């Protein structure tokens, strides 16, 4: 059995490959058998800490995996998320690899937004605004840089130090990029200037308003992963011509940004245009005009871990053999 | 993160220690918080193959674990069970170890019968009959050798080659033991001669009859792990003065030996005396007389994996540090 470290993932698994894998998994989820059983939660003693067990299976690629995540939401001395994936080859039953899963999660969560942006944003989008510069934000930037020619990145974070850190990481990775990075201290100002918005906060009250979005903007909201999370206000939903989700199942259970307005009768889940897999498999462009506002609200989906883990394992096995 | 191999387990984890751990876990299950969420099953394509995900948590020891088992019941070219345990330290959220879990499962399943035998069998028991000489049988013999002075071991298997293999293993481990091993070709003859019976077959029709059990015998039946499994007939139940289970929950869902007679109105689950933890915590001896026939029907219980994995990890960490 192989143990694949964070360094292995970062060194050998590119965002380009990750986006191919994630797009393939979404397509397979509509055309073949993909299982995502309910996750199991074990609550520890005190402080809201818990361990999540999230198995999934993609028949077509013949791998199953489980992501095991320890979450410590309130103890600042312990990393908020510690994740490990165990990969099982279902044709032989062998447990072939364990993978440290922080980088993998960041990449595949970025890839969801990258694919959403590829299919939903204007092709001439140039300005990316990132709302929330935490652990997931760098993967978001990488994925969007893959699909659009971004010339300006605007960063907003509650505390600017994280925005500065992200800025430094961007210039380190894209050392020959001619674009500029600006840090703003007002989230509404940041989204006002954007062609593409990424919202990746853990907010439970809206950080920006849909009133400030300009026509033609595409928004990826990935921060919500619980019914009480709320990153953007209802004006985003009411102005959007297309609202896409990664999966209906996930949206119904976890997408606070959609569930809170739905439950307040300010908006309805019936207005969801479709799943990301529908958009991928669609023959025609989803966007009707350059003025359309589009939203992808993503809570994440387990089978992406299986395809990404299998892809990394296949590559690393070749390198180390 | 440490990877603990089968060899590590066999070298550094004794049956004596395993029985201490298992007895402690059963006691803790009555006095502190122990979680065993429902296991998750992912069915693969074809041949009844599937992967089981079985998490559990013992608050007192501050570890959670999940056993991941691939089962291939009908493909003879693939091992029937391939298991891996992931151990998580819940005080820090760290995933501290993975453990290959075949030897661990054999030891802890043996330990259940060993503890049952310690509390339920006559102290002067000398003859052990083993019905079914498959993967679990050697752990059963080891555990019972820990608690009773066995002078004769009778082995029965459908095909005698496995009985011969087990006999060789016994003499290898207990090289200075003065006892004898006999292989019999009739299961009823084998139980007739026994003070203690271990039944560890995967039978779905009874392999032996309770009519052949002599007075004063204690029986450990561990082969049943599904409602359609059936190792012994109803006469065992009707002659037993005490029927003990590892957990009521497991018995109600998986103990075919109890469920089939219950559903046929030949016997009732209401006659179960108690759980193994009740017997451990009881102040007085459960056995009323030397003539009592006693039965422990065990389907296994997840939290034992957590305590054994944590115990092995603690020991190996010290050795390798």
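The values are calculated or read from the model by the stated rules, or taken from the named source; none is laboratory data. In this text, all values refer to a predicted model and were calculated from it rather than measured experimentally. Heads up, the Cβs are rebuilt from the backbone with ideal geometry, glycines too, and the neighbour counts pull from every protein chain shown.
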Single match in B:68, B:61, B:36, B:112 (criterion: touching a strand residue (DSSP E or B) at 6+ places or on another chain (Cβ under 7 Å), at pLDDT 95 or above and within 28 Å of residue A:45 (Cβ to Cβ)): B:68
Among the candidates B:135, B:178, B:163, residue that is modelled with pLDDT of 95 or more and either more than 21 Å from residue B:79 (Cβ to Cβ) or outside any helix (DSSP H, G or I) (or both): B:178
Can you spot a residue in region B:99-108 that is in contact (Cβ under 8 Å) with a residue 24 or more places away in the chain, farther than 23 Å from residue B:247 by Cα and out of contact with any strand residue (DSSP E or B) (no Cβ under 7 Å at 6 or more places or on another chain)? no
Sole exception among (1) within 14 Å of chain B (Cβ to nearest Cβ); (2) at pLDDT 95 or above; (3) part of a loop (DSSP other than H, G, I, E, B) for residue A:149, by number: (1)
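Yes/no per residue for (1) more than 7 Å from every other protein chain (Cβ to nearest Cβ); (2) surrounded by 17 or more Cβ atoms within 10 Å (Cβ to Cβ):
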| site | (1), (2) |
| --- | --- |
| B:18 | yes, yes |
| B:25 | yes, yes |
| B:34 | yes, yes |
| B:44 | no, yes |
| B:47 | yes, no |
| B:73 | yes, no |
| B:92 | no, yes |
Determine if region A:50-66 includes at least one residue that is more than 20 Å from the chain's Cα centre (by Cα), part of a strand (DSSP E or B), more than 28 Å from residue B:75 (Cα to Cα) and without any contact (Cβ under 8 Å) to a residue 40 or more places away in the chain. yes
Tell me, yes or no, whether region A:239-249 has at least one residue that is in contact with a helix residue (DSSP H, G or I) (Cβ under 9 Å, 6 or more places away or on another chain), modelled with pLDDT of 95 or more and closer than 26 Å to residue A:160 by Cα. no
Report yes if residue A:30 is in contact (Cβ under 8 Å) with a residue 40 or more places away in the chain, loosely packed, with under 15 Cβ neighbours inside 10 Å and either more than 14 Å from chain B (Cβ to nearest Cβ) or within 22 Å of residue A:144 (Cα to Cα) (or both), otherwise no. yes
Scan region B:76-88 and give yes if some residue there is buried (at least 24 other Cβ atoms within 10 Å of the Cβ) and free of Cβ contacts under 8 Å to residues at least 24 places away in the same chain, otherwise no. yes
In region A:242-267, the residues that are more than 23 Å from residue A:36 (Cα to Cα) and out of contact with any strand residue (DSSP E or B) (no Cβ under 7 Å at 6 or more places or on another chain): A:260, A:261, A:262, A:263, A:264, A:265, A:266, A:267
Is at least one residue of region A:95-118 surrounded by fewer than 23 Cβ atoms within 10 Å (Cβ to Cβ), in a helix (DSSP H, G or I) and over 17 Å from the mean Cα position of the chain (by Cα)? no
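Taking only region A:77-90 into account, find how many residues are under 30 Å from residue A:201 (Cα atoms) and either in a strand (DSSP E or B) or within 8 Å of chain B (Cβ to nearest Cβ) (or both).
9
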Odd one out for residue B:14 among (1) more than 12 Å from every other protein chain (Cβ to nearest Cβ); (2) in contact (Cβ under 8 Å) with a residue 12 or more places away in the chain: (2)
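Residues to consider are A:304, A:296; find the one that is touching a strand residue (DSSP E or B) at 6+ places or on another chain (Cβ under 7 Å) and crowded, with 18+ Cβ neighbours inside 10 Å. Walk me through it before giving the result.
Details: A:304 fails: touching a strand residue (DSSP E or B) at 6+ places or on another chain (Cβ under 7 Å).
From the options A:304, A:296, the qualifying one is A:296.
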Give region B:168-187 a look and list any residue that's within 21 Å of residue B:231 (Cβ to Cβ) and surrounded by 16 or more Cβ atoms within 10 Å (Cβ to Cβ), or say none. B:183, B:184, B:187
Within region A:1-49, take every residue that is assigned to a strand (DSSP E or B) and out of contact with any helix residue (DSSP H, G or I) (no Cβ under 9 Å at 6 or more places or on another chain) and give me the one that is farthest from residue A:298 (Cα to Cα). A:3
Boolean, residue A:15 is modelled with pLDDT of 95 or more and within 22 Å of residue A:226 (Cα to Cα): no
For region B:51-65, name all the residues that are closer than 21 Å to residue B:226 by Cβ and within 9 Å of another protein chain (Cβ to nearest Cβ). B:51, B:53, B:55, B:56
Extreme residue, surrounded by the fewest Cβ atoms within 10 Å (Cβ to Cβ), among residues of region B:202-231 that are without any contact (Cβ under 8 Å) to a residue 60 or more places away in the chain and closer than 30 Å to residue B:28 by Cβ: B:226
